[in-house]
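Structure, as structure tokens:
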Amino acid sequence: MLKISNLYARVEEKEILKGFSLEVKAGEVHAIMGPNGSGKSTLASVLAGREDYEVTAGEINFDGKDLLELSPEDRAREGVFLAFQYPVEIPGVSITNFLKTALSEQRKYKGLPDMEPKEFLQRMKDKKALVEIDNNLTSRSVNEGFSGGEKKRNEIFQMAMLEPKLAILDETDSGLDIDALRIVANGVNRLKTPQNAAIVITHYQRLLDYIVPDFVHVLVDGRIVKSGGKELALELEEKGYDWIRKEVEA
Amino acid sequence: MVMEHTLKERLLEVFTQHDLAAKSAFIGLEGFRNTAFETFKAKGFPGRKHEEYRFLNFEPLFKPAHEIQPVANTLKEPAYPEWDKDCFRIVVINGQLIRQWSNLDGLPSAITIGSLQEALEMKNVKALAAIGTLASNDDDPFVALNSALFNQGVFIHIPDKVTLDKPLHLYITNQGNTHLFTQPRILVIAGKQANASLIQHFATATLPASFTNSLCEVQADEDANITMYCVQNEEENQSLVNTIEAHISKFCNFKTVTVTLGGKLVRNNLNVVLDSAECEAHLYGYYHPKNQQTFDNHTLVDHKFPHCNSNELYKGVVEEGGHAVFNGKVFVRKDAQKTNAFQNNKNILLSDDATVNTKPQLEIYADDVKCSHGSSTGYLDPEQLFYLRSRGISLEKARALLLKAYAAEVLDQIELESLHQHLSEQIEAINHQV
């Protein structure tokens, strides 16, 4: 589904990703772990198409398409979804209106007509239950006045509504207490199908107790230095990132 | 200045030729008009050195000869917008009330709506007492000129405890075959506990470039509740100075929403005097100038007495080649303790070639008050745009969504649903063209 080859990217003249490669197949969950400043969030931004990031070398192939050629909206329409680390507040745009517009635009891209209002409302209702979102939240402006946990749950709710092929969760666990974390993880797990995939970016192993990855990759200084199964996360938790650094240097 | 010379001379000629004062049976009006004209003669049109008008250039607008007191023989009934069906209506063409096209069916019989000139001639006590006491000729040459030259005008009296159960649509337009310079004038007296909303709707279209100098005076007595919507939707060659002078009394609630979407040069002078303790004023505005349009909002909120509230929010979107001016004065005088006065002006620039001059002015002479003002000018937030796009929404749609939400904060103050919807749709259409 996704093949990233030898990716170099920089922001404001500073090289962050330095030869990053990763392959993700349908049905897989990949965790990307790494210390602060290793390039985790840059990876998420580059995948979603944030404009202030410049790709200087490498390729990203998504289901046969050159992802780097696509605008952010076309990436979303192709099925890429980024759950933001810091979701933006948009006063005056209700979540319902926002999602209706997003769904309509995505369907138009695929040549589908707008969803029937009844069908849309039913989907809203089902997905709200899935992420345990308060009914009133969706009539409010996007993220405005939301708590940290509500913002993160709203990200997963949007993901549930839009049903992407590839979900990228950028530090979705940061700022969440254990209950919120459980709800968010539960949502992600229940959205999992053999046809979709997820990249879970995190600093701590904690989230991976709930979202169990098939692969764990360790990102240090802009590239993956070690990959393994879910037990690698535990090892990291125990030994810290210095252990990897030393191993890399050795 | 060429303009000063010719237009002033022409105005002088018209003023004496018509011998307006002599035509008036009302004795007091002669003096009223003459004094006003003398004031105008002494002041002239405001030039670019005039502090209150320094961003406006009237000179090119008056280069062609204007007909000053147009009497059109063949008037055509205008086409009204959809929301008109929810309103009473009066039609004002070239400053004159056109009765046959007004619609006042079902108007509470206690309410007077008629010609201001006639009301004065008939010695209407309310009109006589108020005329000349609200807007001051000395403060503004356009007020003086309107006082000298207004033709008939409109008088509206809502007596004590009377409610106007539908908004009154004041359809104000010009008609003729040449450049016109017209002076519509409206005097509104709202009695104690009167309740009314008025829609001042400027809608001149399909006319050689013309200039409207409109004056609306409002006197709201104790506990009156008055809402004024000001919809400015003229063709791109029409210019307008619209002065609203409102004096409000104890317990009054006075609200204005000014939406400027059309015209070449549009200047709003909105002056609200909180003339007693415990009253409140709410001022909202939205404007969207583009391509050589200048929309200028000057507001003055004058707190003279204690325990009053005022709140002001003006928001604009300025497109390529457009120019917006906001000047908001708030006076809190020595006796106006316990005043709450808030003001905010926000602007979004859609191009590097868009200009905003914004100047909030807060002058406080009392010491126990809560006041604040703020102003911001910037571009659409790139983070918000990216967030929307990352969900599959196109850049154009994302912009339109953000601009719609931005306008809604002001538009949601419009309580007449059909007018609210009409303006929302119009603004949405404008934003989609951006």
Problem - region B:348-364 - phi-based ³J(HN,Hα) in whole Hz, Karplus 6.51/-1.76/1.60, Gly and Pro as x - result: 10, 9, 9, 7, 5, 9, 10, 10, 10, 10, 10, 8, x, 10, 10, 10, 10
Problem - Kirkwood-type radius of region A:95-250, with distances r between different C-alpha atoms, in Å - result: 17.3
Fill in the blank from the handout: Measuring from its Cα centre, the protein assembly as shown shows a charge dipole (+1 at each Lys and Arg Cβ, -1 at each Asp and Glu Cβ) which, in debye to the nearest 20, is 500
Handout entry: Among A:Pro194, A:Ala250, A:Leu234 - extreme Cα towards positive end, dipole of region A:189-250, charges at beta-carbon
Key = A:Pro194
Completion exercise
Checked region B:382-434 with the C-alpha gyration tensor, a ≥ b ≥ c its square-rooted eigenvalues, rounded below a/c of 1.5, otherwise prolate if a/b is larger than b/c and oblate if not; verdict prolate
Handout entry: Cα-based reach from B:Lys329 at 18 Å (exclusive), listing lysines while leaving out same-chain residues under 8 positions away
Key = B:Lys255, B:Lys304, B:Lys315, B:Lys346, B:Lys359, B:Lys370
Problem - Max mean-square fluctuation residue, GNM over chain B, Cα-Cα springs under 10 Å, options B:Tyr80, B:Tyr287, B:Tyr229 - result: B:Tyr80
Problem - Most mobile listed residue (B:Cys308, B:Cys230, B:Cys371) in chain B, GNM with C-alpha springs under 10 Å - result: B:Cys371
Exercise for the section: Go through B:Phe202, B:Asn253, B:Ala129 and say which Cα lies farthest out towards the positive end of the charge dipole of region B:68-381; charges sit on Cβ, +1 for Lys and Arg, -1 for Asp and Glu. Expected result: B:Ala129
Problem - Rounded, prolate or oblate (a/c below 1.5 giving rounded, otherwise prolate when a/b exceeds b/c) for region B:68-381 by Cα gyration tensor - result: oblate
Handout entry: Expected-Rg normalisation [2.2 N^0.38 Å, Cα atoms] applied to the protein assembly as shown
Key = 1.20
Problem - Interchain or long-range residues, amide H under 5 Å from A:Ala197's placed H - result: A:Gly27, A:Leu166, A:Ala167
Handout entry: Amide H contacts under 5 Å for A:Phe84, placed H, 5+ residues apart
Key = none
Handout entry: Footprinting exposure proxy for A:Trp243, B:Trp101 (fewest neighbouring C-beta atoms within 10 Å first)
Key = A:Trp243, B:Trp101
Practice task
Please go through region A:10-41 and write out the GluC sites (Glu not before Pro) that DSSP classes as loop and that have at most 10 other C-beta atoms within 10 Å.
Solution key: A:Glu12, A:Glu13
Problem - Nearest-ten-degree value, helix A:95-109 long axis tilted from longest Cα axis of chain A - result: 80
Practice task
Could you work out how far helix A:178-191 tilts from the main Cα principal axis of chain A, as a 0 to 90 degree angle to the nearest 10?
Solution key: 80
Handout entry: Table column - 3J(HN,Hα) (Hz), region B:155-167, Karplus curve with 6.51, -1.76, 1.60, x for Gly and Pro
Key = 10, 10, 10, 10, x, 3, 6, 9, 10, 7, 7, 10, x
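Take every residue in peptide A:82-89, count the Cβ atoms of other chains within 10 Å of its Cβ, and give the average of those counts. Please report the intermediate quantities before stating the final value.
Working: counts 4, 1, 4, 0, 2, 1, 8, 4.
Taking all residues of A:82-89 together, the mean is 3.
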Handout entry: Listed residues A:Ala180, A:Ala44, A:Tyr109: farthest to the positive end of the dipole of chain A (Cβ charges)
Key = A:Tyr109
Exercise for the section: Let me have the 222 nm mean residue ellipticity of the protein assembly as shown computed from DSSP H runs of 4+ only, each contributing -39500 (n - 2.57), with the sum over all residues rounded to the nearest 500. Expected result: -8500 deg cm²/dmol
Completion exercise
Partner shielding of A:70-77, taken as the mean number of other chain Cβ atoms within 10 Å, equals 5
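If you take every residue apart from B:Pro81 with its C-beta less than 12 Å away from the C-beta of B:Pro81, what net charge results, scoring Lys and Arg +1 and Asp and Glu -1?
Charge balance near B:Pro81 sits at -2.
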Handout entry: Greater than 27 Å apart at Cα, pairs in B:Lys166/B:Lys338; A:Lys165/A:Lys230; B:Lys63/B:Lys290
Key = B:Lys166/B:Lys338
Problem - Shape of region B:308-382, Cα gyration tensor, a/c cut at 1.5 - result: prolate
Handout entry: Cα-Cα over 22 Å, subset of A:Lys108/B:Lys397; B:Lys192/B:Lys334; A:Lys110/B:Lys397
Key = B:Lys192/B:Lys334
Problem - Charge dipole (debye, nearest 20) of region B:382-434; +1 at Cβ of Lys and Arg, -1 at Cβ of Asp and Glu - result: 400
Handout entry: Spherically averaged projected area in nm², based on the convex hull that wraps the Cα atoms of region B:280-434
Key = 10.0
Exercise for the section: Can you tell me the dipole magnitude for chain B around its Cα centre, using point charges on the Cβ only (Lys, Arg +1; Asp, Glu -1), in Debye to the nearest 20? Expected result: 240
Handout entry: 11 Å beta-carbon shell around B:Lys338, net charge (K/R +1, D/E -1)
Key = -3
Practice task
Could you list, by residue number, the cysteines of chain B that have no other cysteine's beta carbon within less than 4.7 Å of their beta carbon?
Solution key: B:Cys87, B:Cys216, B:Cys230, B:Cys308, B:Cys371
Problem - In sequence order, calculated HN-Hα J values of region A:63-79 (Karplus, 6.51, -1.76, 1.60; Hz; x Gly/Pro) - result: 6, x, 10, 7, 4, 5, 7, 9, 5, x, 5, 6, 4, 4, 5, 6, x
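Order of A:Leu166, B:Leu380 from fewest to most other C-beta atoms within 10 Å?
Least to most surrounded, the residues fall as B:Leu380, A:Leu166.
Taken together, the values in this text are just the output of simple stated rules run on the coordinates, not laboratory data. Owing to the predicted nature of the structure, the values given are computational and were not obtained by experimental measurement. Reconstructed Cβ throughout: ideal geometry from the backbone, glycine too, with neighbour counts over all protein chains shown.
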